[in-house]
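Undergrad: One structure is given below, represented as structure tokens, and several questions about it will come after.
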Amino acid sequence: MITLETPTYYSATKKYNLSFPTLEQDVDADVVVIGGGFSGINTALELAEKGITNIVVLEARYLGFGGTGRNGGQIMAGIGHDLEKIKQQVGDEGLRQIFEISELGAGIIKDRIAKYSIDADFCHGYGYMGFNARQEKTLRAWEKDFKSINSKDEIRFMAGSEVKQIIGSDAYSSALLHMGGGHVHSLNLLLGEAKALAGHGVRIFEHSPALEVSYGERITVRTGRGSVRAAKLLWACDSFLNKLEPELHKTTVNTYAFQLMTEPLSDEMINRISPIRGAYSDIRPVIDYYRVTNENRLLFGAATPFVEHIPLDLKAWNRNLMLKIFPYLKDVKIDLAWGGPMATGANLFPQIGTLSGRPNAFYVQGYAGFGVTPSHIICKVLAEGMSEGSSRYDLISSVKHAQILGKDHIRPLLLTAGKSLHQLSGYFNGRR
Ligand SMILES: Cc1cc2nc3c(=O)[nH]c(=O)nc-3n(C[C@H](O)[C@H](O)[C@H](O)COP(=O)(O)OP(=O)(O)OC[C@H]3O[C@@H](n4cnc5c(N)ncnc54)[C@H](O)[C@@H]3O)c2cc1C
């Protein structure tokens, strides 16, 4: 059974021994950030790099407690899952700009790692995998799309026996290799970024949950033992918001994903699974996603495809899915399995902006399970909005997000209906 305290691959291989104090006084700042995951830390780091360093970050538990410390570490291309839905709002030109913004992608993560010497096992190589002819057609179209916005990274469509050049599985008939994508140790990346942030003089507090927020020209955030008064606020709690800000609570619903970690495997086995030592996902509406790690383990993840529920035995549930792709791993031991919630909006697109009538209260949330690279992109844009302003902030914050009615009462039912619709639409958009 899942608990949020279960150890993860990330907690077991953490390289930074960082800890920050609890807030025990009343302090003033230019900006207060609530949430110590990629969103909170990245926005603060972007602001600090612009010279705004009088920032306080409040984290309820410890940095990386949320999705940032429990994800697949997959560095995929783009932002959002279904840009056609967004096109209706932003038009062709807006969509072109969103593609351009997405292209910042892994470059931001790589620059961070280089600039601050972060030890986060960044590895290039991503395979988007197809099971059937419909998906093959989609991957061929993606190849053209990817190449039209990116000329520097290797992007190559493969079919039939060529697929084996990048993966040791008979499950697939086509693949799109994207060497610009890959994978990263997301907790070490976050902690490296937090260390850099502290190096800029930003104050970070752990075990300091925001309990109450009073809005106004200066905003006051109260914790159990202290408070922060600031000119600007950023809500960055994603799926852990827990109703604290009702306006933000209304536009997302939490859904769950689960992961396993195998025992360390031999070099031969890892080369058989992944000759490129890369990351992979298929392109179905609800994907299997997996990657190898620096320690020669396989991390395999998935979500329930139709009915929203939390499997009772996560190791067994995930192992079954893994064996469909790699049957020869049947004797391999599963060392850990864990999972976590992901805040998801109706259009599956990240949400940034300011609260109604509160121009100094910003927010970011709703990556819909696709937040490692997108949080780095989106928070760069958000930091522009929180400082000098920018047209790309105006564009992304202009995307409207529907209220999800009934989510507090019939969440599993709503998500089951949503997943079923999503699966059905997959037949029409070439993803099933
Ligand atoms: C199992 C799983 C697998 C995933 N796999 C991938 C993947 O492979 N690739 C990918 O791109 N994305 C993946 N994601 C999604 C990605 O991890 C998230 O989108 C991203 O980490 C969100 O970052 P965040 O900072 O917005 O939120 P979080 O990392 O969740 O951080 C929010 C933080 O806010 C804190 N908080 C909440 N309330 C308060 C409060 N009142 N006061 C102070 N702090 C508070 C929480 O403790 C938490 O630390 C996955 C997610 C899950 C759960």
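The values are calculated or read from the model by the stated rules, or taken from the named source; none is laboratory data. All values derive from a computational prediction rather than experimental measurement. Cβ: placed from backbone, ideal geometry, glycine included. Neighbour counts: every protein chain shown. For the accessible areas, the whole protein counts, side chains as well, though only heavy atoms, and no ligand, DNA or RNA atoms are used. Shrake-Rupley method; radii C 1.70, N 1.55, O 1.52, S 1.80 Å.
Undergrad: Quote the charge dipole size of the stretch 176-232 about the Cα centre in Debye, to the nearest 20; the model charges only the Cβ of Lys and Arg (+1) and of Asp and Glu (-1).
TA: With only Lys, Arg, Asp and Glu charged at Cβ, the dipole is about 240 debye.
Undergrad: Please give every one of the lysines within straight-line cross-link reach of K147, meaning a C-alpha to C-alpha distance under 17 Å, and leave out same-chain neighbours fewer than 8 residues apart.
TA: In chain and number order, the partners are K137.
Undergrad: Calculate the spin-label point distance for K324 paired with D92, positioning each point 7 Å from the Cα along the beta-carbon direction, and give it in nanometres.
TA: About 3.9 nm separates the two model spin labels.
Undergrad: Please report, in whole Å³, the volume per residue of the convex hull around the C-alpha atoms of the stretch 293-343.
TA: Enclosed volume per residue, from the Cα hull, is 105 Å³.
Undergrad: Normalising by the residue count of the chain, find the relative contact order in percent from Cα pairs under 8 Å and 6+ residues apart.
TA: 25 percent
Undergrad: Over all alpha-carbon pairs in the stretch 172-291, figure out the percentage whose distance exceeds 22 Å.
TA: Here the tail beyond 22 Å accounts for 61 percent of pairs.
Undergrad: Per 10 Å bin, what percent of the C-alpha pairs of the stretch 109-211 does each bin hold, from zero upward?
TA: 14, 31, 24, 18, 13, 2
Undergrad: Shifting gears a bit: Could you work out the percent of alpha carbon pairs in the stretch 310-432 separated by over 25 Å, rounded to a whole number?
TA: Everything past 25 Å amounts to 47 percent.
Undergrad: How much mean residue ellipticity at 222 nm does the chain get from its helices, if each DSSP H run of length 4 or more adds -39500 (n - 2.57) and you divide by all residues, to the nearest 500 deg cm²/dmol?
TA: Per the formula, -10500 deg cm²/dmol.
Undergrad: Roughly how many Å is it from the Cα centre of the stretch 77-116 to that of the stretch 353-369, as a whole number?
TA: Answer, in whole Å: 18.
Undergrad: Explain nothing, just the number: dipole magnitude of the stretch 89-152 about its Cα centre with +1 on each Lys and Arg Cβ and -1 on each Asp and Glu Cβ, in debye rounded to the nearest 20.
TA: Magnitude of the dipole: close to 180 debye.
Undergrad: If you roll a 1.4 angstrom probe over the protein chains with everything in place, what fraction of the accessible area of the chain belongs to carbon and sulfur, to the nearest %?
TA: Accessible surface attributable to carbon and sulfur in the chain totals 53 percent.
Undergrad: Two decimals, Cα atoms only, Kirkwood Rh: what is Rg/Rh over the chain?
TA: 0.95
Undergrad: Now for a different question. Over the Cα atoms of the stretch 1-62, what radius of gyration and what Dmax do you get, in Å?
TA: Taking only Cα atoms of the stretch 1-62, I get Rg and Dmax of 14.3, 45 Å.
Undergrad: By a straight-distance test (C-alpha under 22 Å), which lysines pair with K15 as possible cross-link partners, with residues fewer than eight away in the same chain excluded?
TA: Within reach: K110, K115, K195.
Undergrad: When only alpha-carbon atoms count, how far does the stretch 70-147 stretch along each of its three principal axes, as whole angstroms with the largest first?
TA: In descending order, the Cα extents are 40, 32, 27 Å.
Undergrad: Let me ask something else about it. Keeping every protein chain in place, order D331, D408, D282, D238 by accessible area at 1.4 Å, biggest value first, i.e. largest first.
TA: Of D331, D408, D282, D238, the descending order of accessible area is D331, D408, D238, D282.
Undergrad: Give me the one-decimal Kirkwood hydrodynamic radius in Å for the stretch 7-127, with the sum taken over alpha-carbon pairs.
TA: When all Cα pairs of the stretch 7-127 are included, the Kirkwood radius is 17.2 Å.
Undergrad: Would you mind working out the accessible area per residue for the stretch 297-336, using a 1.4 Å probe, and quoting it in Å²?
TA: 47 Å²
Undergrad: When we measure straight from the Cα of K232, which lysines land under 21 angstrom away, once same-chain ones fewer than 8 places off are left out?
TA: K50, K243, K380
Undergrad: What is the sum of charges, Lys and Arg at +1 and Asp and Glu at -1, for the other residues whose Cβ falls under 13 Å from the Cβ of T252?
TA: Here the count lands on 0.
Undergrad: Note down the net charge around G35, summing +1 for each Lys or Arg and -1 for each Asp or Glu among other residues with Cβ under 12 Å from its Cβ.
TA: Overall, the nearby charge balance is -3.
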